[in-house]
1. Can you tell me which residues in the range A:80-100 are within 16 Å of residue B:121 (Cβ to Cβ) and assigned to a strand (DSSP E or B)?
2. Within the range B:83-139, restricting attention to residues that are among the acidic types (Asp, Glu) and touching a Leu at 6+ places or on another chain (Cβ under 9 Å), which residue is farthest from residue B:153 (Cα to Cα)?
3. Residues that are under 18 Å from the mean Cα position of the chain (by Cα), under 22 Å from residue A:87 (Cα atoms) and assigned to a helix (DSSP H, G or I): does the range B:91-101 have at least one?
4. Are any of the residues in the range A:411-432 surrounded by 17 or more Cβ atoms within 10 Å (Cβ to Cβ), in contact with a Ser or Thr (Cβ under 8 Å, 6 or more places away or on another chain), hydroxyl-bearing (Ser, Thr, Tyr) and within 14 Å of chain B (Cβ to nearest Cβ)?
5. List the pairs whose first member sits in the range A:17-32 and is closer than 19 Å to residue A:62 by Cα, whose second member is at pLDDT 80 or above and aromatic (Phe, Trp, Tyr), and whose Cβ atoms are under 8 Å apart, counting only residues at least 6 apart or on separate chains?
6. Filter the range A:398-408 down to the residues that are within 18 Å of residue B:97 (Cα to Cα) and not polar (S, T, N, Q), then identify the one that is farthest from the other protein chains (Cβ to nearest Cβ).
7. Being facing another protein chain (nearest Cβ under 10 Å) and in a strand (DSSP E or B) is the filter here, so list the residues in the range A:101-120 that pass it.
8. Look at the range B:127-146 and say how many of its residues are within 11 Å of chain A (Cβ to nearest Cβ) and not in a helix (DSSP H, G or I).
Amino acid sequence: MHDKHRLHPIAALLGFLKSLKDLIIPIIVFFFIGNNDSDSFVQLLKYIGIGVIFLWVVMKSFLSWYRFTYYIEHGELRIEYGVFVRNKRYIPKERVQTIDVTAGLIQRMFGLVKLQIETAGGTADAEAVLNAITTSEAGRIRTLLTDASEKEFTQVEEALVLEENYNEKYTISPKNLLILASTSGGIGVILSAIGAFLSQIDNIIPYEKLFHNLEDMFHFSVMFFVVIGMIGIFLAWLLSIMGTLLKYGNFTLERKSDELIISTGILEKRQITLPITKIQAVRIKQNPLRKILGFAAVYVESAGASSGKEADQSTILFPIIKDNQINQHLLKFVSEYELPSDYTSLPKRALVRLVLRVILPVVPVIAALTFFLRPWGVISLIFFPLACLLGYYQFKGAGFIVKGTQLSMKSRIFSTTVVLIHKRKIQAFESSQSFLQKRSRLQTIMVSIKSKVFGRNFKTVDLDEMYGAKIGEWYSYSKKPDK
Amino acid sequence: MRAEPQNQINRRALTVWRISAAIAVIFILLLYIGYVIVSTIFDFPIWIAILLFVLLVIYSILAIVIVPSIRWKRWRYEVFDEEIDIQYGKFVVRRVLIPMVRVQHVDTIQGPLLRKHNLATVTISTAATIHEIPALNLDEADQLRDTISKLARVVDDDA
């Protein structure tokens, strides 16, 4: 089976039509440019131009077809394609997730089919597309590539779940629902609501009059504006509470053996089914307000649920939960994940870098405000120590810990986020070190998980460099002699 | 930490990178000439043109002479039975670990420039990322792809 196959020549036609479709607008534009000019030379040029484009598309389609070959060897689909850039792709049959056979209009006219192969690789497109082949050829390819996949499927289900017959349910008490609504971040909502609000009261407040007396506005109406602003924020806050109540009103999380069923919503009900094996990571997020009150929100990152609208890439698991109850609920609903109580934090020498990172974008803004908007702009200087404090706060909130096969990464911008990932869900591990980091013996680590949005990454920046190596060792699959 | 990966990419990669940097520089040079013409027509102050020229020279030296050597020296890879270890980076040194069980497919890519020098780039795709080992000798590239492909046949214990 080593002889290389080409696609049916109709594939060239399909490629040709596609290129034509892509070029249709330039062609039309081109066609209409010289129409007013009755100069026959220009007309001639125009037609030559169209002819050249046409010829080029024909050549390109033919060459692409000619250069596209495939064959199956040693249980691998091997494809070679590309005119200027030669590409060779090898896909082992164990990695084939779906084989899609379809037939569009043109394929049907000639009794052909289109075969697409997808692996777990996250790109939206299929990893291999055979545009036009005969049905029997499609059948042959399918047989050759599927016998291993069946075996793989049966092994998959044994994987995670230790106890069968789980049956758990989680709902949100009305008191907690209120806390959820009133403490949710939603700054964007608030801001846009303010904007909407201010545009509405336009009729009540004579803006034009105020604009003409800028001085007056500054001295006299500052209080007025502040009060209006606060009323606006309060109303926006009320609106966002209502919105959250409507969204999470009837939230239920159920576990049936190894599936999670999440349903929510009062006006618009949504239900998601998520097999636990598809969970790639668990994320716990706690904004400062909730941190004080002792609450948090928990999400799961998932991927590979059978194609369709089922699990999002990031699904909410517990919209609001008391942080001391997180672990018992994690155990009940997702079994293997555990929120650690202690972390390895960043070394002190990383503090300076972190504070700098916060201050750097702020400084020019403060400088501009102070300079251009004096004397009031001087107030913005207060942001400088505030930024330093924020940097310190972020520094305290960063860290990681490895427990067994689980890596936990903690980070903080305003809200504290902890990500829990199991070793076998990590697709690749990268550690990096810039020149400055090298001088301070710091490293950044990054892990990638499967996600619909082609691979999500989680980073921890400025760790002590020995941890980068240690985590690399932990992740390594090399068989080491037992210590 | 475990030792640096053993293998380096082909020396000819340096040439290829230098050539593509040179092409980019030529392009920028053309733009610069365009700017000079415009500034002469519109009588822009001449110091801008001189400054830009100096910047252009600095950039060319960096891009053609210095950065490719740093990059080439840094670039190392090693294929073990269970994983692939890659080290790369110009300004930031990066080290990636990819387990064989996570490799979805392996490609080789050869643009016209690489082809002239008989080189190819190997790309390794996982479910979340794509990694590449640039500019290997064509035979080495094919062999590497075969090796990784064979080793990556380990059945994933979890879909």
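1. A:80, A:81, A:86, A:87, A:88, A:89, A:90, listed by residue number.
2. B:85
3. No, every residue in the range B:91-101 fails to be under 18 Å from the mean Cα position of the chain (by Cα), under 22 Å from residue A:87 (Cα atoms) and assigned to a helix (DSSP H, G or I).
4. So far as the range A:411-432 goes, yes, one or more of its residues are surrounded by 17 or more Cβ atoms within 10 Å (Cβ to Cβ), in contact with a Ser or Thr (Cβ under 8 Å, 6 or more places away or on another chain), hydroxyl-bearing (Ser, Thr, Tyr) and within 14 Å of chain B (Cβ to nearest Cβ).
5. Going by the 8 Å Cβ cut-off, there are no qualifying pairs.
6. For the range A:398-408, the residue satisfying everything is A:402.
7. Result: A:117, A:118, A:119.
8. 5
The values are calculated or read from the model by the stated rules, or taken from the named source; none is laboratory data. Keep in mind the model is a prediction, meaning the values are calculated, not measured. For neighbour counting, all protein chains shown are included, and Cβ atoms are generated from backbone atoms with ideal geometry for every residue, glycine included.
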